[in-house]
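The values are calculated or read from the model by the stated rules, or taken from the named source; none is laboratory data. These numbers were taken from a predicted model, which means no experiment stands behind them. Backbone-built Cβ (ideal geometry, glycine too); neighbour counts: all protein chains shown. Surface accessibility is based on the protein's heavy atoms, side chains included, excluding ligands, DNA and RNA. Shrake-Rupley method; radii C 1.70, N 1.55, O 1.52, S 1.80 Å.
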Amino acid sequence: SVLISHTCFYRITMSTEEVIASESGDEAVVETVKLGYRTFHEGRAAAEYLRNLLTNSAVNTFLPEYEHVLLLDLIKKGHKRAAEKIGRGVKGFQVRYWCNSAEGKTNARAFFLVRKNGSVEDFSYLKSLDGIFPNSRILSSKPSAPKNGHGGGRGIVKKHGGRGRGRK
C-alpha cells in the first residue's frame, strides 16, 4: 500500500506499467516496456524510434548490437510467431528493400532477421509493437475515412462547379 499526498505528484514505478496519481487522486496507467537497453513509455514513442531506425540505417548491412538486442526483444515480446521467426538463432538484423512479389515493388524498406543458418525473413515492427502495446492503436494511427461513403476530398463541396471563372 502506498500513501499518496494530494499536494504533489508521485510516480510509483512497477515492473511493466507506471501509475501516476494527480492532486485529485485520480490514477492513470501508463504502459512502460523495456526493449533491449531502451525503455518506452508508450507505443507511439517506440514506433517513432523504430521508424527512424528503419529510415536512417544503411541498407544490407548488419545493425549494431544496441539495435540487435532491441529488435530481438521486440520480436520475442510482441510477434505472434516469434519462435518461427527466430528459428534456431539470430545472426543479426538488417534493413533491406522489401519486395512485394504480387506488385513487384521494391522501394519499401523493412527490417530483416538473418538467422545463423543464413536464411532471411522480414518482420513487421508495427505488428510486433501492436502485440506489446495492444491499446496504443499503433497500426491504426491514421484517421479513418468518413463512414458516410464519401471519401474526403477537399472538404468543401461547392454547388456551382469550381472550375474556371463561372458564367457571365
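Just to verify a result, which residue in segment 54-79, among those that are free of Cβ contacts under 8 Å to residues at least 40 places away in the same chain and of a type in the set (A, V, I, L, M), is nearest to THR32 (Cα to Cα)?
Per the criteria, the residue is LEU70.
For the condition open to solvent by less than 60 Å² (accessible area, probe 1.4 Å), β-branched (Val, Ile, Thr) and at pLDDT 90 or above, what is the one hit in ILE138, ILE132?
ILE132
Restricting attention to segment 91-110, which residues are modelled with pLDDT under 95 and either touching a strand residue (DSSP E or B) at 6+ places or on another chain (Cβ under 9 Å) or among the charged types (D, E, K, R) (or both)?
Those that are modelled with pLDDT under 95 and either touching a strand residue (DSSP E or B) at 6+ places or on another chain (Cβ under 9 Å) or among the charged types (D, E, K, R) (or both): ARG96, TYR97, TRP98, CYS99, ASN100, GLU103, LYS105, THR106, ASN107, ALA108, ARG109, ALA110.
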